């Protein structure tokens, strides 16, 4: 449609110049009737092309813009116009050059040759028509020189157009190769980013249990705690599996690994999506519960402890049950993670000292702590 607009604009500008020349009485052999007929024919040809585009008939052709067809129609129309204006024929031969330039990026060398030959045939037909109908008015030598000049110009335009077309196709191929290379690089970058994410995930995951390792837990916890304000509390729990060394000594390290895996599985089932759970080392685990107060933190810790206590390791020994001790505390706003961890570790030490298999909470206050025994009772420390 854009190329059709250029063609229609070219016809319109030429008709406008003719109308101006007519109004100034500069064309002695060109009548108003001839101008009307030319205008009607221009509107008919451009309208026909618009109808082909509007009905999408042009999509059936190799070149949907119908450039070659538009050029052929324009050459015939310009030749009719030139035949009506013998006094400015030399100037109007530039119209053939304009038509050739119209298709310089669109048509092939053979199509250029066809268009150039068509323009020479049509201009030769104009000369032959004048020679037949007005032999006394024609300067045959001048007309032949004009034809030879046009032939030379059309030959040069055809060669130059062919060179430009080959250059354009080469640039298109290079752009296609570059686009393909960019696509491959983008895909490689995406695969590299995915691989880096996987490596980062592997580097931050405990190989045996699949939970966060100590380093990654501390990194994630610091980020979570840094994003909280003074009024958002977070609970931190230290967990130790009771008498785990006895399991390794009695049943072997494979049994111990199974216990660790099952404990992590049970714990994850008791947690929320926002909670952080990691392996601190050996049989010790650490748990961060963001936006959790004292009551909720102790409830989650007890839920984990009771679920693990009720699990039976029949695959190791029928009826074998184990337990865990948990120390819990709240993170004070403004203190470091290590300071909170030290208080949770103190609570864990108390839980183990008081008989294990229990949760002890030490508050953020300096001397207040609470313990939950196996029955779930609350008592002052």
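The values are calculated or read from the model by the stated rules, or taken from the named source; none is laboratory data. As the structure is a computational prediction, the values presented were derived from the model and not from experiment. Quick reminder, even Gly has a Cβ in these numbers, built from the backbone with ideal geometry, and neighbours come from all protein chains shown.
Points worth noting:
- Flag if residue 256 is more than 23 Å from residue 305 (Cβ to Cβ), free of Cβ contacts under 8 Å to residues at least 40 places away in the same chain and in contact with a helix residue (DSSP H, G or I) (Cβ under 8 Å, 6 or more places away or on another chain): no
- Out of 132, 96, sole residue that is over 21 Å from residue 11 (Cα atoms) and part of a helix (DSSP H, G or I): 132
- Residue 201 being assigned to a helix (DSSP H, G or I), outside the structural domain of residue 333 (by TED's automatic domain parsing) and under 30 Å from residue 287 (Cα atoms): yes
- Top-ranked residue in the range 109-132 [being under 44 Å from the mean Cα position of the chain (by Cα) and buried (at least 19 other Cβ atoms within 10 Å of the Cβ); ranked as farthest from residue 30 (Cα to Cα)]: 111
- Single unsatisfied condition, residue 106 versus (1) under 44 Å from the mean Cα position of the chain (by Cα); (2) in a helix (DSSP H, G or I): (2)
- Scanning the range 223-249 for residues being under 43 Å from the mean Cα position of the chain (by Cα) and surrounded by fewer than 13 Cβ atoms within 10 Å (Cβ to Cβ) gives a total of 6.
- Check on residue 150, part of a helix (DSSP H, G or I), surrounded by 10 or more Cβ atoms within 10 Å (Cβ to Cβ), within 45 Å of the chain's Cα centre (by Cα) and in the same structural domain as residue 87 (by TED's automatic domain parsing): no
- When residue 137 is tested against (1) part of a helix (DSSP H, G or I); (2) more than 24 Å from residue 168 (Cβ to Cβ); (3) in contact (Cβ under 8 Å) with a residue 24 or more places away in the chain, just one condition goes unmet, and that condition is (1).
- Residue 188 vs. criteria in contact with a helix residue (DSSP H, G or I) (Cβ under 9 Å, 6 or more places away or on another chain) and either in contact (Cβ under 8 Å) with a residue 12 or more places away in the chain or surrounded by fewer than 16 Cβ atoms within 10 Å (Cβ to Cβ) (or both): no
- The one condition in (1) part of a helix (DSSP H, G or I); (2) more than 31 Å from the chain's Cα centre (by Cα) that residue 210 fails to fulfil: (1)
- Exclusive hit being surrounded by 13 or more Cβ atoms within 10 Å (Cβ to Cβ), under 12 Å from residue 96 (Cβ atoms) and at pLDDT below 80, set 157, 138: 157
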